[in-house]
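Read-outs: derived from the displayed coordinates by stated rules, not from any lab. This one's a predicted model, so the numbers in the text were calculated from it and none came from an experiment. Glycine also receives a Cβ, built like all others from the backbone with ideal geometry; neighbour counts cover every protein chain displayed.
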Amino acid sequence: MALPDDSDVLAWVEYLARVHDADRPQLQLRNDLYEGTAPLHYLHPDVLREVEDRIQTVALGWPSLAVDPLEERLDILGFRYPEDGKPDPDVDPEDLASASGDENLQRVWQENDLDEESQMGHIDAFVMRRAYATVGVQDDGGTDMPLVTVESPLEMFALIDPRTRQVRAALRRWTEEYDLLKATAPMQYATLYLPNSTTWFDRGPQGWRETGRDEHMVGQPLVAALTNRGRLADRYGKSELTPALLSLSHAANKVATDMMVAAEFHAIPLRAIFGAGPDDFQDQNGTPLSPTQVLMSRILAVPNGPAGEDPVRAHEFTSSSLTNFHDTIAQLGRLASGLVGVDPSVMGFTAGDNPASADALRAREVRLIKRAERKQRAFGGGWERAMQLVRRIQEGDWDPQARRLETIWRDAATPTRAQAADAAAKLVAASLIPIQQGREDLGYTPSQQRRMDAWDQVNASRSDLGMLTQAAGRGLPEEIPGAPGDPGTEPPAAE
């Protein structure tokens, strides 16, 4: 099917809405699995129907454990323009040495609350394959501070151009609920992003209606995709909640629920009544109880007792152990931890009573650290693309240097404060790195580093002033012994 023409904005809205609607059910399912609200698998419907009023299904939360430890290692500190090794006569070396991050982009980042919004975008990308960052102008029409927002894939879809690998067009749709007391219908809105325009719509009785347009003439949609696990054959990404992980998670949830049912039946001692059948048990209304309901009361009814004994006799069984359930869940947990690259202790399993040493625990994080570094590279490209669009909106033209923009990430290894400080101090003391690089390695933001540089200059000025004051207080000698020209130090004349 041919793509609509850019002049036909309504055709683009309908086209992108159909594509998005076809993909949204799978995205919603992944979101429900992450939130732990998806239905239980593997449990027989008859058993579920009998116990649903007494036993709640157990969700162990493994999908969230596959996402959260990875996202916790992705913290953006800022953006900078790296040097290409060629001296620039227009750049002051002192300014270059002290510029650990772009101040303008840092201001844009903070004023749009992207330090919080970016974390939510990363989680959505991990769970639902992708998230988006959009760029626009503020409501007052000013261009000094662009508006940057992070959008959920449940509300937004961006079409990828197979030739350029960039966003070709994007559509965001959302619904706003109004006062229910007035019985007003929810209002639906949409924003269409095309290469040279951003158009806003609302939905009325006649369908979508254009309410505004920004002819920015940038030549590209003001949208950057944050794609998780993108591949050459699939530029729309994959979820971290893979089918293999979900199958193990569903099995563990089922076993955990079975364990709770078994605890109801067997962990508490079961009583048997010989000589009484299920028909002899009734509720308070005189309605016979079903065999399963009788069992749920922890009573086993045996109509015919042993020959020669009392017609009705009670017996109590020994309670059973739930160890087999524990072992099964532990084995499933070890398999799941291997799939997602986290230590089994993250999922609540330990190898023994004695905890591992700190070095052993850190050694187990090698794969998780490498995965986080890969995510930094993938998501960094999307954020750099968003910041390039920010500079385009601010400057009115493309900045060639913005193509070399790079994202500053916090160290994914998350060493302890003492370890990081010790390593940085040794490298600075050995003159292998300057103090500014050591501060960056410690994870200080660009604004914090600039404040430290200012404090260093103030302290240095105070130190120089103090030395001059001390020298003035002692008084300087008129002649310094041993100085050139001192008769006492002239070499003897040759005879």
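Starting from the Cα gyration tensor of segment 417-467, take the square roots of the eigenvalues, sort them a ≥ b ≥ c, and report rounded, prolate or oblate (rounded when a/c is under 1.5, otherwise prolate if a/b is larger than b/c, else oblate). Each step should come with its number before you reach the end.
Numbers: a/c = 2.61, a/b = 1.56, b/c = 1.67.
Here segment 417-467 falls in the oblate category.
Multiply the residue gap between A425 and D359 by 0.36 nm, knock off their C-alpha separation, and tell me the result in nm, one decimal place.
Values: separation 66, 0.36 × 66 = 23.76 nm, distance 2.11 nm.
Length difference between fully extended and current span is 21.6 nm.
If I stretch the segment between L322 and D115 completely, what's the gain in nm (0.36 nm per residue apart, minus their alpha carbon distance), one decimal? Each step should come with its number before you reach the end.
Working: separation 207, 0.36 × 207 = 74.52 nm, distance 4.57 nm.
Length difference between fully extended and current span is 70.0 nm.
For F157, what charge total do you get from the other residues with a beta carbon under 12 Å from its beta carbon, if Lys and Arg give +1 and Asp and Glu give -1? Write out the running numbers ahead of the final one.
Details: positive: R18, R24, R129, R130, R168, R172, R173; negative: D21, D23, E151, E155.
Here the charged neighbours net out to +3.
So how much slack lies between D6 and R462, counting 0.36 nm per residue of separation and subtracting their Cα-Cα distance, in nm? Write out the running numbers ahead of the final one.
Working: separation 456, 0.36 × 456 = 164.16 nm, distance 6.33 nm.
Between D6 and R462, full extension yields 157.8 nm more.
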